[in-house]
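The values are calculated or read from the model by the stated rules, or taken from the named source; none is laboratory data. In this text, all values refer to a predicted model and were calculated from it rather than measured experimentally. Here Cβ is always computed from backbone atoms with ideal geometry, including for glycine, and neighbour counts include all displayed protein chains. Quick note on the areas: whole protein, heavy atoms, side chains included, nothing else; ligands and nucleic acids left out. Shrake-Rupley method; radii C 1.70, N 1.55, O 1.52, S 1.80 Å.
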Amino acid sequence: MGNKSSTPSDAEGNNASGMYLTPELQGKINSDFEEKIIQTQWNAYRKGHIERYQQREMQSAQRQHEVQQKQEQLKQQAKVVHDQLDQMIEGAKSKLADMEVALDHDVKRLSAKFNDSEISGGEKCVDVRAELSRCYNTLNSGECQVFAKKLEKCVTEALQ
């Protein structure tokens, strides 16, 4: 013990702390340490992978929600346009029905007027009408203006 000439044993000389590990124990510690590093890296990778997946899912859900909102907006716009078109169609139908009633009334009024009155010179106008018809069938319509004016004059005179 205090003698410097004493030689330390081989086990004490190899390990400065005075402790030594068997190669099996040293291998197990190294293996456990490597497994812990690998497990830590794997957990970090899994965590990053799961976070990226969740982020993609969230972005996808957000895009889907935006598309649904856009579809709803377009449906509402289409409904407004269709309602306006329906109103325009109903207005046109109403005007057409009013015009039909007015035309029917005018036809009945004119029919009653012609049935009640004697038309003088009716046979004369038939001849002019036949001439105009023959002209339209054989000649250029521009050349038939003379016959058209003649018929108009004949009818005007007959109605007065």
Of everything in segment 129-160, what is under 22 Å from residue 110 (Cα atoms), assigned to a helix (DSSP H, G or I) and modelled with pLDDT under 80? Give them in sequence order. 158, 159
Within segment 15-53, which residues are surrounded by 10 or more Cβ atoms within 10 Å (Cβ to Cβ) and part of a loop (DSSP other than H, G, I, E, B)? 15, 20, 21
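Condition check: of a type in the set (Val, Ile, Thr) and either modelled with pLDDT of 90 or more or surrounded by fewer than 10 Cβ atoms within 10 Å (Cβ to Cβ) (or both). Does residue 81 satisfy that?
It is true that residue 81 is of a type in the set (Val, Ile, Thr) and either modelled with pLDDT of 90 or more or surrounded by fewer than 10 Cβ atoms within 10 Å (Cβ to Cβ) (or both).
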In the set 109, 63, 56, which member is open to solvent by 80 Å² or more (accessible area, probe 1.4 Å), under 30 Å from residue 151 (Cα atoms) and part of a helix (DSSP H, G or I)? 109
